[in-house]
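Okay, so here's the structure we're looking at.
The values are calculated or read from the model by the stated rules, or taken from the named source; none is laboratory data. Quick caveat: nothing in here was measured; it's all calculated off a predicted structure. No Cβ is skipped: glycine too gets one built from the backbone with ideal geometry, and neighbour counts run over all protein chains shown. With ligands, DNA and RNA removed, areas are computed over all heavy atoms of the protein, side chains included. Shrake-Rupley method; radii C 1.70, N 1.55, O 1.52, S 1.80 Å.
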Amino acid sequence: MNTPDIKKNILKVIFIGAGNVAARMSLSMKDAGFSILQVFSRTEENARMLGKQLTCDFITETSQIRTDADIYIFSIKDDILPNIIAEIPVNNGIWAHTAGSVPIDVFEGYAERYGVIYPLQTLSKNRYTDFRKIPLFVEGNAEASEKEIRIIAEKISENVYLMTSEKRRYLHLAAVFACNFSNHMYRIATQILEEQDIDRQVLQPLIDETANKLYTMSPDKAQTGPAIRYDRNIINRHLALLKDPDIRNIYESISKNIHEKTGTAGYPPPITAP
């Protein structure tokens, strides 16, 4: 087989996966001039919906995947990725996955040219995100394939960086703390407000300012609240309000860690909730 010219204007792409990342990346690639040939998903409804948006074919069997694409983007759950890779028909395209914690060598033995295009952003199918502003972290199994993957990434983002699989693992870990865990805190806060019939939107200015501070301040300098002040009275009152023991443990553990890392020595022992 001849190696495709990655620098040509129109590149043919097949997406293996139809979830949040696949949806937003594929639509961005279409807008950037890529030709999306197929979308594969075991879930027919997901494949059909994304195929309709992309005006391309959708399939639910790996045996139906075409072998004439330039790029195969794997955007599926980490635990099933190796099994799906093993089912893909032999082809000469570049294979790239979008996962944060999966090493590049998951493709070894299945493709000659492969790598990673990892978007550092929280993505949802039904929410537009400007991919040009999303940092993309790329890696290739060889100098030539890495250069090709970088060219592909630069067609959809203004912020493309080279990063090894080892460092990407830590980047993904940091992203889980910064995004997934903080969003879970918003969920808990929303639950507390809803139980008291308080509109969750009242928190929005606080959430916005918390994020905006980090443009000009380190997290250590930006930290406020009862834990850093060692305000035992408020901490104990809050713990007494929390009836769910799991959430009470989260409050206690995070407050203790905040105080140990950014406050002064000494932390109040947990109280027994009524």
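The strands (runs of 3 or more DSSP E) falling completely within the stretch 1-90 that include 3 or more residues that are open to solvent by less than 20 Å² (accessible area, probe 1.4 Å) and under 24 Å from residue 130 (Cα atoms) map to 12-16, 35-40, 71-74.
Taken over the stretch 51-78, the residue count meeting the criterion of being among the charged types (D, E, K, R), over 20 Å from residue 107 (Cα atoms) and in contact with a Lys or Arg (Cβ under 9 Å, 6 or more places away or on another chain) is 1. Of the residues making up the stretch 58-90, those that are among the polar types (S, T, N, Q) and free of Cβ contacts under 8 Å to residues at least 60 places away in the same chain are 60, 62, 63, 64, 67, 83. The residues of the stretch 246-260 that are in contact (Cβ under 8 Å) with a residue 12 or more places away in the chain and open to solvent by 70 Å² or more (accessible area, probe 1.4 Å), listed by number, are 254, 256.
Note on the stretch 211-233: residues that are open to solvent by 50 Å² or more (accessible area, probe 1.4 Å), in a helix (DSSP H, G or I) and either over 19 Å from residue 174 (Cα atoms) or among the small types (Gly, Ala, Ser) (or both) total 4.
Checking the structure you have, find out if any residue of the stretch 188-203 is open to solvent by 40 Å² or more (accessible area, probe 1.4 Å), under 23 Å from residue 262 (Cα atoms) and modelled with pLDDT of 95 or more. No: zero hits. Going through (1) within 16 Å of the chain's Cα centre (by Cα); (2) farther than 25 Å from residue 32 by Cα; (3) hydroxyl-bearing (Ser, Thr, Tyr); (4) open to solvent by 80 Å² or more (accessible area, probe 1.4 Å) one by one, residue 182 falls short only on (4).
Looking across the stretch 94-130, the residues that are of a type outside the set (Val, Ile, Thr), over 13 Å from the mean Cα position of the chain (by Cα), crowded, with 19+ Cβ neighbours inside 10 Å and within 19 Å of residue 21 (Cβ to Cβ) come down to 95, 96, 107, 114, 115.
Scanning the stretch 139-160 for residues that are under 16 Å from the mean Cα position of the chain (by Cα) and over 17 Å from residue 26 (Cβ atoms) yields 159, 160. Cβ-Cβ distances below 7 Å connect the following pairs, each with a first residue in the stretch 197-210 that is in a helix (DSSP H, G or I), a second residue that is of a type in the set (S, T, N, Q), and a separation of six or more residues or different chains: 200/190. Restricting the first residue to the stretch 144-169 and requiring it to be surrounded by 18 or more Cβ atoms within 10 Å (Cβ to Cβ), which pairs with a second residue that is hydroxyl-bearing (Ser, Thr, Tyr) meet a Cβ separation below 7 Å and a spacing of at least six or different chains? So the pair list comes out as 145/114; 156/28; 168/118. Filtering the stretch 131-143 to residues that are in contact (Cβ under 8 Å) with a residue 24 or more places away in the chain and open to solvent by 40 Å² or more (accessible area, probe 1.4 Å) leaves 132, 133, 141, 142.
For every residue, the table says whether it meets (1) over 22 Å from residue 211 (Cβ atoms); (2) modelled with pLDDT of 95 or more; (3) touching a Lys or Arg at 6+ places or on another chain (Cβ under 6 Å).
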position	(1), (2), (3)
143	yes, yes, no
150	yes, yes, no
158	no, yes, yes
167	yes, yes, no
178	no, yes, no
181	no, yes, no
